[in-house]
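Below is one structure, written out as structure tokens; comments come after it.
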Amino acid sequence: MSNTTAVPTPGAFQFPEIYNFPPFFTRQPNESTWQEQRRQWCDLILAYYRHNRLYSLTLAEAITEPPFTNRQIHRSLRVDVLRELVDDLVKQGNASWTGAKNAKDSCLVLWRKPEVWASMIYQWANERGLFNTVLTVFELANGDDTAGQEFHNLDSVTLRRALDVLQSQGKAQLFVGTSDDDMGVKLFA
Amino acid sequence: ANEIVSMAEHIATQLNSPAASKLHRKDAAESDEDNAERVDAFRQYLLDLGIDSPVTRNTAGAVFHDELARELCDYLENYVSQCGGTVALVDAYCLYNRAREFSLVYPSDFVQACEKFEALQLPLRLREYPSGLLVLEDASSASDALIISRVGAYIASFGPLTASDLAAIEDCALTLAEERLWLCERAGALCRDESVEGVRFYANAFAAAAAVGAGRGEGDVQEPLWQYI
């Protein structure tokens, strides 16, 4: 079975037990307690974003919604704590800040690293014999040929990151079109 | 009141002076016997009110703080153990000074005397918490481990606690209850929940989860499997 076949995500997201524990939403002063709390939050963020196929996060808006708000227990994560969590995700390569430099208001959540997306796209192109043909980025993301692939309907910023990785690996060449949708890419062996 | 206080201090000094004790000597003159009776009567009044022959700088001189330390321990030991082994220093100070009535002790002298407890191997200890709170503790029974296990047991029975909940359960000052909760938090036994309702402490579920995670082994990349699907 090709490991790039999209796995359908079943139903509603299953929150971990810790999500209903009120202290989970308070930044713990005890350092080792915080390390564990931080780890659980990072796992939760990535799992939630993957399940719901979400790619970007604007901090001020996100804290009013799940997963950063749990309405059942009337608790919300504070925005400065979320900022600290995103900094951790950035350190482990699972997020990157977007928007104004040093503003830290919004970010990409890379629940799958661009390198992994890149190799999926490359493998698909190889299987379909599409090396040395120019494809538009649009058809790569949204075309019929990629239906059923994991990267089908991939968010454009994340897709662009993946293609940049391929370009830096010498496996692709990007061509700028008149707009983002017109951007082209040629993959080669 | 100043006049009365200074008069009383004067009398107390006189009572404890070498001249006063001479009145009791066997070869004292007869007229001195009346004086001796009056001195004894006055001493009795002091005894009824609180401290008998209180230690003052005049009576003890250079070893004032040592003597004061011994007197403090004598007076406060029972009170401290009745209060569960720990008492805020300010409470102990007020209690003691109230008993001394006229010959009050300066706060600095009080603290200096308390600092000598350990050196003099007396049964009480002065302890300073990280927040700056000073307490007197029963040297033998007030250990951190005891506090942690006690508070853990309360939470297991009554659920998550605020500082005022703990103060009510232990019948202690609010500041002391806070210190105990913070102590348990520093030790990793508790974690906190801050909300508009205040700060409430829970048993540390994160530590339990971390203990489970430790079974994964060090060096294992802690990435969920789904990332590689």
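The values are calculated or read from the model by the stated rules, or taken from the named source; none is laboratory data. None of these values were measured; they are calculated from a predicted model. So basically every Cβ, Gly included, is an ideal-geometry build from the backbone, and we count neighbours across all protein chains shown. Please note that ligands, DNA and RNA were not included when accessible areas were found on the heavy atoms of the full protein model with its side chains. Shrake-Rupley method; radii C 1.70, N 1.55, O 1.52, S 1.80 Å.
Going by the alpha-carbon gyration tensor, a ≥ b ≥ c the square roots of its eigenvalues, is segment A:68-118 rounded (a/c under 1.5) or, if a/c is not under 1.5, prolate (a/b greater than b/c) versus oblate? It is oblate, given that a/c is not under 1.5 and a/b is not larger than b/c.
Accessible area per residue for chain A, computed on protein heavy atoms with a 1.4 Å probe, is 50 Å². What a 1.4 Å probe finds exposed on segment B:55-155 is 51% carbon and sulfur by accessible area, rounded to a whole percent. The slack in the chain from A:Val79 to A:Glu65, taken as 0.36 nm per residue of separation less the alpha-carbon distance, amounts to 3.8 nm.
When nucleic acids and ligands are ignored and a 1.4 Å probe is applied, A:Met183 ends up with an accessible area of around 20 Å².
Averaged over peptide B:187-194, the number of partner chain Cβ atoms lying within 10 Å of each residue's Cβ comes to 6.
In order along segment A:57-72, phi translates into HN-Hα couplings of 9, 10, 4, 4, 7, 5, 5, 8, 10, x, x, 8, 10, 10, 5, 4 Hz, rounded to whole numbers, per the Karplus curve 6.51 cos²θ - 1.76 cosθ + 1.60 with θ = phi - 60° and x for Gly and Pro. Could you pull the accessible area for B:Ile147 with a 1.4 Å probe, rounded to 10 Å²? Spelled out: B:Ile147, probe radius 1.4 Å, area about 10 Å².
Please say if segment A:1-113 is rounded, prolate or oblate, where rounded means a/c under 1.5 for a ≥ b ≥ c the square roots of the C-alpha gyration tensor eigenvalues, and otherwise the choice is prolate for a/b larger than b/c and oblate otherwise? Note, shape of segment A:1-113 comes out oblate.
The reciprocal of the average 1/r between distinct C-alpha atoms defines the Kirkwood hydrodynamic radius, which for segment A:48-182 equals 16.5 Å.
Under the simplified labelling scheme, the B:Arg127-A:Ser32 pair shows an inter-label distance of 2.0 nm, with each label point 7 Å from Cα along Cα→Cβ. Can you work out the FRET efficiency for the pair B:Ala156 and A:Asp182, with r the C-beta to C-beta distance and R0 = 41 Å, to the nearest 0.05? Efficiency at R0 = 41 Å is approximately 0.05. The radius of gyration of the Cα set in segment A:104-153, together with its Dmax, comes out at 12.6, 42 angstrom. Chains B and A together bury roughly 2100 Å² of accessible area, counting both sides, with a 1.4 Å probe on protein heavy atoms only. Heavy-atom accessible area for A:Lys171, with the other protein chains in place and a 1.4 Å probe, reaches approximately 70 Å². Within the listed set A:Glu36, A:Glu17, A:Glu139, the residue fluctuating most in the Gaussian network model of chain A (springs between alpha-carbon atoms under 10 angstrom) is A:Glu17.
Counting, for every residue in A:16-23, the Cβ atoms of other protein chains within 10 Å of its Cβ and taking the mean gives 4. Counting charges near A:Gly129 (Lys, Arg +1; Asp, Glu -1) among other residues having Cβ under 14 Å from its Cβ returns a value of 0. To the nearest ten degrees, helix A:114-127 and the longest principal axis of the Cα atoms of chain A are 30 degrees apart.
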